[in-house]
1. Which residues, counting only those in region 287-300, are modelled with pLDDT under 85 and either under 27 Å from Pro192 (Cα atoms) or touching a strand residue (DSSP E or B) at 6+ places or on another chain (Cβ under 9 Å) (or both)?
2. Looking only at residues that are under 19 Å from Val58 (Cβ atoms) and hydrophobic (A, V, I, L, M, F, W, C) in region 5-27, which one is surrounded by the fewest Cβ atoms within 10 Å (Cβ to Cβ)?
3. Tally time: how many residues in region 86-96 are outside any strand (DSSP E or B) and touching a strand residue (DSSP E or B) at 6+ places or on another chain (Cβ under 7 Å)?
4. Exactly one of (1) of a type in the set (A, V, I, L, M); (2) outside the structural domain of Gly39 (by TED's automatic domain parsing); (3) modelled with pLDDT of 75 or more is unmet by Ala132. Its number?
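The values are calculated or read from the model by the stated rules, or taken from the named source; none is laboratory data. Please read all numbers here as calculations on a predicted model, not as lab measurements. So basically every Cβ, Gly included, is an ideal-geometry build from the backbone, and we count neighbours across all protein chains shown.
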Amino acid sequence: MSSPSQLEMAKGGDAAAIADLINQALRAKGITVRGDRHGTCLRLWLTGQTLPPETQTVSYVRQGIDRLQVKAITRLHIYGEQADQPAPGWGVDVELDSPQAEVKPLDLNQTVETAAEPAPAVAPPEPASSDAPGTLEQAYLLLELEPGAALKDVEGAYFKLKAQALRQGDRSRVEALKQAFHQLKDYIEHPPAKPAPAPQANAVADAATADLTPVERVQALLKRQRLSAQVNLEGRQLNISWLAVRVVNPEDAAYQIHSLLLSQNLTALGLGDVETLVISSLSRNQSVVWQQVLPLRGKA
């Protein structure tokens with residue numbers, strides 16, 4: 001028997017499936033969504049780098065729930081969060097089976113025990129051990145899959161194991177499964193560039209020609225290493241950036257690029273006067289969500 005689709009799971013009242021569908025629509029606006037369900041009450045947390053606007057956000061979520069026609073959900077608790085704040089900025093209660101579907105403010109002083117922690121503005125570095133929580137290996141292990149499994153297998157395993165955990169009342173495992181699922185989904189849909197060994201100092205001799213600007217030479221160097229990034233030069237500062245969803249571990253990628261540049265003849269690249277390297281991960285609206293500043297001295 002085939003596994004139910006995400007849409008079918010959402011229509012059946014699965015909180016993670018509903019949150020993921022809304023997340024797909026709001027991700028372009030820099031808003032991430034997570035949720036859980038208690039009985040007939042669906043709770044959704046919407047997190048952005050700035051606090052999501054209450055009126056527009058609540059209206060959008062209500063329209064989405066109405067279109068899904070989720071009979072198992074009669075009440076919504078919607079929270080708006082700013083990523084760098086410890087608590088929601090607003091929360092509302094919507095009674096869906098009421099003719100007016102009245103929106104009432106929630107008491108934010110009552111902490112929700114099962115609420116997941118808001119996502120940090122800057123992701124912490126991944127632990128060095130490949131078996132540590134948070135790595136891709138651990139995510140595959142948690143979902144009982146072999147590394148490299150297809151997205152449909154990841155989705156099937158997630159919904160199956162999540163249902164088991166809910167029946168057992170294991171809320172912490174539900175959250176762990178949810179994090180592993182979204183980590184692998186992002187990794188499969190937006191695979192990072194494969195790292196390559198740093199070349200010798202003359203590896204870009206063919207790129208460092210009089211026909212290329214320093215920025216074009218750096219772009220050519222990164223392209224040779226299968227690294228796709230935006231490059232610009234501002235005085236003595238070299239800026240390199242990419243979309244955050246395309247890089248699983250930005251800190252490792254940053255130090256890879258740093259080592260790569262330090263192995264080059266920077267004067268030949270036209271970067272002899274550059275002192276600082278700034279590497280950034282950007283949201284889809286070009287806001288900085290992670291940044292690393294590293295020293296970069298030109299070599300003769």
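1. If the condition is that a residue be modelled with pLDDT under 85 and either under 27 Å from Pro192 (Cα atoms) or touching a strand residue (DSSP E or B) at 6+ places or on another chain (Cβ under 9 Å) (or both), then Leu296 is the only one that fits.
2. Step by step, filter region 5-27, then rank; the result is Ala25.
3. 3
4. With respect to (1) of a type in the set (A, V, I, L, M); (2) outside the structural domain of Gly39 (by TED's automatic domain parsing); (3) modelled with pLDDT of 75 or more, Ala132 is out only on (3).
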